[in-house]
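To keep things clear, I will list the structure first and then write my remarks on it.
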Amino acid sequence: MTQNSQSRGIVIPIQDRLTEFQFNEPISTPIADSIPLVNANLAEATININDNTDRVLITATVGWFNAFEEAAGVAAATFTINRNGIPIASVVQTVANPSATAANIFNVARIIFVDQPLPEVIPAPGSFIHGNVQVTYTLTADASVDTVATTGPITLTLSRIERKL
Amino acid sequence: MPENIQGQLNFFQRAKGLLTDFQVSEPASTFGSINPPIEIAVAPGFTTLTSVNVTINSQTNRVWLNGTLGLTAAFDAVGVVTVTLQLLRGTTIIYQTTKTISSPTVVPATVSEIVHLEHIDLTAVSGEVPVTTTYTLRAQADAAIVTSSGPITLSAAQLERNP
Amino acid sequence: MTEKENGISTIIRDRGILTEFKFSESFVSPRFLTTTPVVLSTITLRIDDTANQVWLNAIVNWAISAGAVTGTADLLFEILRGNAVIYSIAQSGVFLPGSSTLFNAQLQHVDDNPLGGVNITPAFVQYQLRVTPLVVPELITVSTLSQVFTAAELKPAIC
């Protein structure tokens with residue numbers, strides 16, 4: 001009855017929750033054969049979404065290097081997060097060889113991005129969603145020269161954050 | 001009553017939060033706060049920067065580790081120095097990354113850099129739970145010119161398995 | 001009946017400690033850096049308990065475009081709570097003559113005293129992501145390209 005419900009009211013604060021965690025860490029300690037970064041696919045993970053307000057916190061951390069010859073110069077690498085194949089965030093980073101001595105110059109890139117995917121992956125506005133929609137995120141790379149490569153580490157994480165009563 | 005049942009059903013459908021524990025060690029929060037700075041060892045030695053203890057309470061839990069570190073290299077002339085950074089679980093190396101710091105000037109220069117480490121540990125537990133595990137961040141440089149004056153942050157987020 | 005249904009609902013024990021998550025990401029507002037500090041991003045959280053911590057993470061992508069000079073430019077990336085600097089990390093950008101070099105600064109801080117000692121909850125706390133130029137030599141242009149700043153309020157673990 002109405003009076004009973006009111007007297008037994010429970011106050012539930014609106015709260016964000018991390019309700020699903022997916023990740024792909026293909027390399028965590030250095031591998032023997034380096035992977036060139038020109039047009040490279042580095043990592044992939046899939047997460048379930050079932051609400052328009054679901055957000056996905058994406059993080060990626062990549063260690064990479066350029067093997068410079070005996071010349072000073074700059075080489076660049078790009079790291080991109082894609083959602084179902086569409087680029088949504090990227091970082092461009094360079095390494096510099098300061099002198100005409102051959103050297104491997106190492107760097108570490110980190111991407112952080114918060115995506116709100118459901119409105120983007122469901123084509124018709126106002127569609128009724130029943131159950132989960134799977135969304136796949138990939139970490140890809142490209143480079144300015146073919147001596148840019150990685151022996152790891154490569155880490156990609158997805159955290160679904162829901163706002164629910 | 002139907003209205004009450006609808007309201008109660010919301011409780012059953014509400015997804016559970018998986019982040020159930022968060023530990024951090026942050027011995028320094030600002031650049032220059034470690035004075036004198038910590039000297040980073042050269043091979044074969046490693047310098048331990050910090051460690052964090054996590055009590056794992058389920059075998060299917062994951063530990064999401066993030067480390068962020070400020071480093072400084074003091075150069076006399078043009079040159080490079082390469083720093084190797086590792087995360088350990090107990091005495092086992094579970095993650096390793098590499099960063100080069102360089103200076104292009106013939107005159108002496110001090111160059112600062114940042115390194116971030118990110119790792120998910122799936123095998124934190126091999127036996128009975130609960131168990132307390134220690135994660136350590138350490139570094140080694142290939143020349144004795146690297147120090148850290150801060151900041152140093154190592155966090156460990158314990159996540160239950162997905163439903 | 002109401003009591004029974006309420007009793008059943010408490011079987012779903014939720015030990016999740018994340019209580020609030022906010023973020024700010026911007027890819028469209030590059031800022032030129034010369035001598036003065038520049039605030040890149042701001043997040044306000046509502047802190048509900050003095051025992052809660054805030055886990056802050058940020059990345060700042062920035063670039064140097066150099067004339068016929070070589071050297072390094074030094075930037076200090078900071079997080080402020082209100083007007084106080086609670087975290088800072090330095091990064092030097094190397095430049096070679098005529099080069100474009102690009103950098104990715106990474107920040108991570110856990111604020112275990114978000115209310116700054118004031119015991120009134122709930123309270124709003126403002127965090128700012130700021131960059132302060134330390135050394136910017138002549139004949140180069142230093143600019144930020146994009147930044148992402150996230151804040152997660154965490155309550156103490158329920159064991």
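Can you tell me the alpha carbon radius of gyration of the protein assembly as shown divided by the globular rule-of-thumb value 2.2 N^0.38 Å?
Values: Rg = 23.5 Å, N = 487, 2.2 N^0.38 = 23.1 Å.
After normalising by residue count via 2.2 N^0.38 Å, the value is 1.02.
Jot down the radius of gyration and Dmax of region C:8-101, Cα atoms only, both in angstrom.
19.7, 73
Relative contact order (percent) for chain C, with alpha-carbon contacts under 8 angstrom and 6 or more residues of separation?
43 percent
What angle, in degrees between 0 and 90 and rounded to the nearest 10, separates the Cα long axis of helix B:2-13 from the longest principal axis of the Cα atoms of chain B?
Computed tilt is about 30 degrees.
Which whole-number percent gives the relative contact order of region C:78-140, counting Cα pairs below 8 Å spaced six or more residues apart?
44 percent
In the protein assembly as shown, with Lys and Arg counted as +1 and Asp and Glu as -1 at Cβ, which of these residues, C:Ser65, A:Ala71, C:Pro114, has the Cα nearest the positive end of the dipole, that is, farthest along it?
With unit charges placed on the Cβ atoms, the residue in question is C:Pro114.
Given +1 on the Cβ of Lys and Arg, -1 on the Cβ of Asp and Glu, and no further charges, what dipole in debye does region A:2-164 carry about its Cα centre, rounded to the nearest 20?
Dipole size: approximately 780 debye.
Less than 10 Å Cβ to Cβ from C:Val85, Lys/Arg counted +1 and Asp/Glu -1: what total charge do the surrounding residues give?
Cβ neighbours under 10 Å give a net charge of +1.
Give me the Kirkwood hydrodynamic radius of chain C, using the inverse of the mean 1/r over all pairs of distinct Cα atoms, in Å to one decimal.
The Cα-based Kirkwood calculation yields 17.8 Å.
Quick one: 3J(HN,Hα) in Hz for region B:24-32, Karplus 6.51/-1.76/1.60 with θ = phi - 60°, rounded, Gly and Pro as x.
For region B:24-32, the Karplus curve yields 9, 10, 10, x, 9, 10, 10, 5, x Hz.
Mind listing the long-range amide H neighbours of C:Ser99? Cut-off is under 5 Å, sequence gap 5 or more, other chains count too, H placed in the peptide plane at 1.01 Å from N.
Here the answer is C:Ala66, since their amide H atoms fall under 5 Å of that of C:Ser99.
Taking the inverse of the average 1/r across all pairs of different Cα atoms in region C:61-127, what Kirkwood radius in Å do you get?
Computed over region C:61-127, the radius equals 14.5 Å.
At 0.36 nm per residue, and after removing the present C-alpha to C-alpha distance, how many nm does the segment from B:Ala77 to B:Ala143 gain when stretched out fully? Display every interim value, and only then the final one.
On the way: separation 66, 0.36 × 66 = 23.76 nm, distance 1.34 nm.
Additional length available on full extension: 22.4 nm.
Taking only the alpha-carbon positions of region B:80-123 and ignoring solvent, what does the Debye formula give for the base-10 log of I(q)/I(0) at q = 0.16, 0.31, 0.33, 0.34 Å⁻¹?
Relative scattering, expressed as log10 I(q)/I(0), comes to -0.56, -1.16, -1.23, -1.26.
Taking the Cα centre of region B:18-159 as origin and charging only Cβ (+1 Lys, Arg; -1 Asp, Glu), how large is the dipole, in debye to the nearest 20?
Rounded to the nearest 20 debye, it is 100 debye.
For the protein assembly as shown, with only Lys/Arg (+1) and Asp/Glu (-1) charged at the beta-carbon, what is the dipole magnitude about the Cα centre, in debye rounded to 20?
Numbers: 24 positive and 38 negative charges, 181 e Å.
So the dipole magnitude of the protein assembly as shown works out to roughly 860 debye.
Report, as an integer, the average count of C-beta atoms from other chains found within 10 Å of each Cβ along C:106-117.
Mean shielding by partner chains, rounded to a whole number: 5.
Using just the alpha carbons, could you tell me how many Å³ per residue the convex hull of chain A encloses?
Spread over its residues, the Cα hull of chain A gives 132 Å³ apiece.
Going by Cα centres, region C:24-58 and region B:10-72 are how many Å apart?
Between the Cα centres of region C:24-58 and region B:10-72 lies a distance of 21 Å.
Under 16 Å between alpha carbons, and skipping anything fewer than 8 positions from B:Lys16 in its own chain: which aspartates and glutamates qualify?
Correct list for B:Lys16: A:Asp16, A:Glu20, A:Asp51, A:Asp54, A:Glu162, B:Glu160, C:Asp14, C:Glu20.
Counting Lys and Arg as +1 and Asp and Glu as -1, what is the net charge of the other residues whose Cβ lies under 10 Å from the Cβ of A:Arg83?
Net local charge, A:Arg83 excluded: -2.
Determine the relative contact order of chain B: mean sequence separation of Cα pairs under 8 Å and six or more apart, normalised by residue count, in whole percent.
43 percent
In whole Hz, with x marking every Gly and Pro, tabulate ³J(HN,Hα) for region C:73-90 from phi via Karplus 6.51 cos²θ - 1.76 cosθ + 1.60, θ = phi - 60°.
Taking θ as phi minus 60°, the curve returns 10, 10, 10, 10, 9, 10, 10, 10, 10, x, 9, 9, 6, 10, 7, 8, 9, 9 Hz for region C:73-90.
Got a sec? How would C:Leu145, A:Leu156 order by Cβ neighbour count within 10 Å, fewest to most?
Numbers: C:Leu145 19, A:Leu156 25.
Ordered by Cβ neighbours within 10 Å, fewest first: C:Leu145, A:Leu156.
If you consider only alpha-carbon coordinates, what radius of gyration and Dmax does chain B have, in Å?
In order Rg, Dmax, the Cα atoms of chain B give 21.1, 82 Å.
Under the Kirkwood approximation applied to all pairs of distinct alpha-carbon atoms, what is the hydrodynamic radius of region A:64-147 in Å? Walk me through the intermediate numbers first.
Working: mean 1/r = 0.0646 Å⁻¹.
Its Kirkwood hydrodynamic radius stands at 15.5 Å.
What is the spin-label model distance, in nm, from B:Thr132 to B:Thr48 if the labels are put 7 Å beyond Cα along the C-beta direction?
1.4 nm
So what are the ³J(HN,Hα) numbers for region A:75-82, from phi and the Karplus equation (6.51, -1.76, 1.60; θ = phi - 60°), rounded to whole Hz, Gly and Pro as x?
Here the 3J(HN,Hα) series is 10, 10, 10, 10, 10, 10, 9, 10 Hz.
Taken together, the values in this text are just the output of simple stated rules run on the coordinates, not laboratory data. Small disclaimer: the values here were computed from a predicted structure and weren't measured. Counting neighbours? That spans all protein chains shown, and the Cβs are built from the backbone with ideal geometry, glycine included.
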